[in-house]
Amino acid sequence: MAKTVITFGTYDVFHYGHLMLLQRAKGCGDRLVVGVSTDALNISKKGRAPIFPENERKAIVESLRCVDHVFDEDSLEKKADYLREHKADLLVMGDDWRGRFDELSDICEVIYLPRTPAISTTVTIEKIKAS
Ligand code: CTP
């Protein structure tokens, strides 16, 4: 039976670290489903809107060969519902989230992959501002 992998993120100012995470996540199974966090969730989480709006961030992620389906992540509290809804067999997150989703392991397998070093949306925005 096909193995469904699920992951979540903002994917704002899309960069190489995002691509590596998504490609490696797909490599862990057959089908990759990605929850892209909404603008409202980011505002409530980080106190600011992403640079690019959710429809554009979703369009970029959806266009990748390694991604099979995207959906709106509009609450951090609904992870368990999303896993069930999308019939996830495996939750993959970057290791900046290590330990944070272990309680979901009664729904599906949970793994954390190492982040790509030295790149992030925040660092990229700072670099652009400083240039
Ligand atoms: N990610 C990664 N390597 C990086 C940056 C991000 O593997 N260098 C992963 C994260 O661990 C997460 C996914 O990509 O699983 C989406 O991350 P996101 O939070 O959208 O991007 P960041 O670049 O980490 O954003 P920020 O700087 O705003 O925290």
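Quick one: compute the contact order of the range 1-126, relative version, from alpha carbon pairs under 8 angstrom and 6+ residues apart, as a percent.
Computed value for the range 1-126: 32 percent relative contact order.
Hey, what number do you get for the chain at 222 nm if only DSSP H runs of n ≥ 4 count, each worth -39500 (n - 2.57), divided across all residues, to the nearest 500?
Numbers: 5 runs with 46 residues, N = 131.
Value at 222 nm, helices only, nearest 500: -10000 deg cm²/dmol.
Please list Ser63, Ser120 in order of solvent-accessible area, largest first, computed with a 1.4 Å probe with all protein chains present.
Per-residue accessible area, sorted high to low, gives Ser63, Ser120.
With +1 on each Lys and Arg Cβ and -1 on each Asp and Glu Cβ, how big is the dipole of the range 1-129 about its Cα centre, in debye rounded to the nearest 20?
Here the size comes out at about 440 debye.
Just to check I understand the Karplus step: with θ = phi - 60° and J = 6.51 cos²θ - 1.76 cosθ + 1.60, what whole-Hz values come out for the range 8-25, glycine and proline as x?
These are the phi-based 3J(HN,Hα) values: 9, x, 8, 6, 8, 6, 3, 9, 4, x, 4, 4, 4, 4, 5, 5, 5, 4 Hz.
Taking only the Cα atoms of the chain, how large is their convex hull per residue, in Å³? Display every interim value, and only then the final one.
Numbers: hull volume 13.9 nm³, N = 131.
Dividing the Cα hull volume of the chain by its residues yields 106 Å³.
How much accessible area per residue does the chain have, counting only protein heavy atoms and a probe of 1.4 Å, in square angstrom? Before the final figure, lay out each step's value.
On the way: 7230 Å² over 131 residues.
Accessible area per residue: 55 Å².
Accessible area, 1.4 Å probe, largest first: how do Ser75, Ser37, Ser105 sort?
Output order, biggest surface exposure first: Ser105, Ser75, Ser37.
Which order do Arg65, Arg31 take by accessible area at a 1.4 Å probe, largest first?
Highest to lowest solvent-accessible surface, that is Arg65, Arg31.
Restricting to lysines 8 or more places apart or on different chains, can you count the pairs in the chain with Cα atoms under 21 Å from each other?
19
If I take all pairs of Cα atoms in the range 57-131, what percentage of them are more than 14 Å from each other? Don't skip to the answer; put the middle values down first.
Working: 1996 of 2775 pairs.
Cα-Cα pairs of the range 57-131 separated by over 14 Å account for 72 percent.
log10 I(q)/I(0), Debye, Cα-only the range 1-74, no solvent, q = 0.15 Å⁻¹?
Ignoring solvent entirely, the Cα scatterers give -0.47.
The values are calculated or read from the model by the stated rules, or taken from the named source; none is laboratory data. A quick note: this is a predicted structure, and the numbers were derived from the prediction, not measured. As a convention, Cβ positions derive from the backbone with ideal geometry for all residues, glycine included, and neighbour counts pool all protein chains shown. We work out accessible area using only protein heavy atoms, side chains counted, and drop any ligands, DNA or RNA first. Shrake-Rupley method; radii C 1.70, N 1.55, O 1.52, S 1.80 Å.
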